[in-house]
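Trainee: For reference, the structure I am asking about is given below.
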Amino acid sequence: MSVAKAVRAENSRLNEVFDNLLTMLRNFVKENRITHDEYRRAVAFMTEVGQKGEVSLLCDVFIEVSVDAVDNSGRSGTITTIEGPFYVHDAPILKSPCVLPQRLDESGPVLLFTGTVLSSKGEPLPGAVLDLWQSDTHGLYSHFDIPKNEAPYNLRARVTTDRQGKFDVQTRLPAPYEIPKSGPTGALLAALQRHAWRPAHLHMKVEHSGHRTLTTQLFLKKDPWIDSDVVEGAVKQALIVDPVMHDDADDLHRRNFSEPYFTLSYDFLLEPAISEAA
Ligand code: MBD
Ligand code: FE
């Protein structure tokens, strides 16, 4: 049955999708015989999600994978995955080669991340922007899990590729991320008897004028959660990487590193912004 027929304006996108959403939710209530008590608990849950600042977290864990699939279906170049709740749009702009902003006592193995940004036809793209963000070695994100004033833009930057379209970034290996148990999203997962872990990952948006912005993540192959991401469907085969460990004593000495470090190379392919056919 159509909703609010009397007062609807022109058949806008909003009217159409809101009608569909209401129809779906009302059918859901009927089919599942939702009681008034359950309804009130759901309202209280959503109120808490808002109060605790977890709207993006909850939506991104359960819904964003589907939005990514719709928005990027049929796209060429590197495969996409979700943005997640921890992106910050104004990270420092650095020229490759560079070191991501980090605390003086930042812990965790050094990761040297290199690669090239190319068009999906294989042309290198100088001046592309690799906007990177990740957790630290304890699985914490700056501006969210680490107070903003403590380490602003920690392990975040917008890195510009060089004349060959290459980037060369020194960072730290990320760690698995556990959705906080203290909030409603964590409480829901616990009630469902589901774990709350994401495998360690690097986030990136790759941008170049004339090309479609790519939002994706790289996942560490040896992570214990690689086959059971709490965000079902976010991990894709082509996005699983296995950084190489380096522990040669002379090499470490030359580089002035006190512990083994890792290297990772990955190329990003961007689809032209306007399809050839158009
Ligand atoms: C994350 O780090 C993340 O990337 C997503 C999508 C959800 C929760 C935590
Ligand atoms: Fe993340």
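The values are calculated or read from the model by the stated rules, or taken from the named source; none is laboratory data. Everything numeric here is computed off the predicted structure, so don't read it as measured data. Positions of Cβ are backbone-derived with ideal geometry, glycine not excepted, and every protein chain shown enters the neighbour counts. These accessible areas exclude ligands, DNA and RNA; they are computed on the full protein's heavy atoms, side chains included. Shrake-Rupley method; radii C 1.70, N 1.55, O 1.52, S 1.80 Å.
Trainee: Is it true that some residue in the stretch 44-56 is more than 29 Å from Phe86 (Cα to Cα), assigned to a helix (DSSP H, G or I) and either modelled with pLDDT of 95 or more or over 30 Å from the mean Cα position of the chain (by Cα) (or both)? Working first, answer last.
Mentor: Taking the stretch 44-56 and keeping what is more than 29 Å from Phe86 (Cα to Cα), we get none.
The answer is no; no qualifying residue exists.
Quick grid of which residues meet (1) within 16 Å of ligand 2 (Cβ to nearest atom); (2) free of Cβ contacts under 8 Å to residues at least 40 places away in the same chain; (3) under 23 Å from Asn154 (Cα atoms); (4) in contact with a helix residue (DSSP H, G or I) (Cβ under 6 Å, 6 or more places away or on another chain):
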{"position": "Thr47", "(1), (2), (3), (4)": "no, yes, no, no"}
{"position": "Pro92", "(1), (2), (3), (4)": "no, no, yes, no"}
{"position": "Pro101", "(1), (2), (3), (4)": "no, no, yes, no"}
{"position": "Leu125", "(1), (2), (3), (4)": "no, no, no, no"}
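Trainee: Now for a different question. Name the residue, out of Glu232, Glu150, Glu178, that is more than 24 Å from Leu130 (Cα to Cα), of a type in the set (Asp, Glu) and more than 16 Å from ligand 2 (Cβ to nearest atom).
Mentor: On the way: Glu232 fails: more than 16 Å from ligand 2 (Cβ to nearest atom); Glu178 fails: more than 16 Å from ligand 2 (Cβ to nearest atom).
Going through Glu232, Glu150, Glu178 in turn, the sole match is Glu150.
Trainee: For residues in the stretch 188-235 being of a type in the set (Val, Ile, Thr) and open to solvent by 10 Å² or more (accessible area, probe 1.4 Å), which is farthest from ligand 1 (Cβ to nearest atom)? Don't jump to the end; show me each part of the working.
Mentor: Filtering the stretch 188-235 down to residues of a type in the set (Val, Ile, Thr) leaves 206, 213, 215-216, 226, 230-231, 235.
From the residues that got through so far, the ones that are open to solvent by 10 Å² or more (accessible area, probe 1.4 Å) too are 213, 215, 226, 235.
Values: Thr213: 17, Thr215: 11, Ile226: 14, Val235: 11 Å.
Here the residue is Thr213.
Trainee: Now, a different point. Mind checking which pairs have a first residue in the stretch 180-202 that is farther than 24 Å from Thr216 by Cα and of a type in the set (Lys, Arg) and a second that is more than 10 Å from ligand 1 (Cβ to nearest atom) and open to solvent by 60 Å² or more (accessible area, probe 1.4 Å), Cβ under 7 Å, 6 or more apart or different chains?
Mentor: Sorted first by the residue in the stretch 180-202, then by its partner, the pairs are Lys181/Ala190.
Trainee: List the residue pairs whose Cβ atoms are under 6 Å apart, where the first residue sits in the stretch 53-79 and is among the hydrophobic types (A, V, I, L, M, F, W, C), the second is assigned to a helix (DSSP H, G or I) and more than 10 Å from ligand 1 (Cβ to nearest atom), and the two are 6 or more positions apart or on different chains.
Mentor: Within 6 Å, the pairs are Val55/Val49; Leu58/Val49; Ile79/Ala238.
Trainee: Just a yes or no: is a residue in the stretch 244-261 of a type outside the set (Lys, Arg) and within 17 Å of the chain's Cα centre (by Cα)?
Mentor: Taking the stretch 244-261 first, the residues of a type outside the set (Lys, Arg) are 244-253, 256-261.
Right, trim to within 17 Å of the chain's Cα centre (by Cα) and you get none.
No, because not a single residue in the stretch 244-261 is of a type outside the set (Lys, Arg) and within 17 Å of the chain's Cα centre (by Cα).
Trainee: Which one of Tyr141, Tyr153 is surrounded by fewer than 21 Cβ atoms within 10 Å (Cβ to Cβ), of a type in the set (Phe, Trp, Tyr) and modelled with pLDDT of 95 or more? Walk me through how you get there before you give the answer.
Mentor: Values: Tyr141 fails: surrounded by fewer than 21 Cβ atoms within 10 Å (Cβ to Cβ).
Only one candidate qualifies: Tyr153.
Trainee: Output the residues belonging to the stretch 74-87 that are open to solvent by 20 Å² or more (accessible area, probe 1.4 Å), hydrophobic (A, V, I, L, M, F, W, C) and within 13 Å of ligand 1 (Cβ to nearest atom). Walk me through it before giving the result.
Mentor: Here is the first cut: in the stretch 74-87, the residues open to solvent by 20 Å² or more (accessible area, probe 1.4 Å) are 74-77, 79, 83, 85-87.
This time we only want the ones that are hydrophobic (A, V, I, L, M, F, W, C), so: 79, 86.
Listed by number, the list holds a single entry, Phe86.
Trainee: Within the stretch 161-176, work out how many residues are open to solvent by 10 Å² or more (accessible area, probe 1.4 Å) and either farther than 19 Å from Gln217 by Cα or not in a loop (DSSP other than H, G, I, E, B) (or both).
Mentor: Looking only at that region, the number is 7.
Trainee: Taking the residues in the stretch 236-263 that are assigned to a helix (DSSP H, G or I) and open to solvent by less than 50 Å² (accessible area, probe 1.4 Å) as candidates, determine which candidate is farthest from Leu57 (Cα to Cα).
Mentor: Here is the first cut: in the stretch 236-263, the ones assigned to a helix (DSSP H, G or I) are 237-239, 249-255.
Those left that are additionally open to solvent by less than 50 Å² (accessible area, probe 1.4 Å): 239, 251-252.
Numbers: Leu239: 22, Asp251: 41, Leu252: 39 Å.
Filtering the stretch 236-263 for residues that are assigned to a helix (DSSP H, G or I) and open to solvent by less than 50 Å² (accessible area, probe 1.4 Å), the one farthest from Leu57 (Cα to Cα) comes out as Asp251.
Trainee: Can you tell me which residues in the stretch 90-108 are closer than 19 Å to Leu218 by Cα and open to solvent by 40 Å² or more (accessible area, probe 1.4 Å)?
Mentor: Val99
Trainee: Open to solvent by less than 90 Å² (accessible area, probe 1.4 Å) and at pLDDT 95 or above: which single residue out of Asp19, Asp71, Asp37 fits that description? Spell out how you get there, then give the answer.
Mentor: Numbers: Asp71 fails: open to solvent by less than 90 Å² (accessible area, probe 1.4 Å); Asp37 fails: open to solvent by less than 90 Å² (accessible area, probe 1.4 Å).
Being open to solvent by less than 90 Å² (accessible area, probe 1.4 Å) and at pLDDT 95 or above holds for just one of Asp19, Asp71, Asp37, which is Asp19.
Trainee: Looking for whichever is over 27 Å from Val230 (Cα atoms) and not small (Gly, Ala, Ser) here; the options are Gln164, Gln134. Which one fits?
Mentor: Only one candidate passes the filter, namely Gln164.
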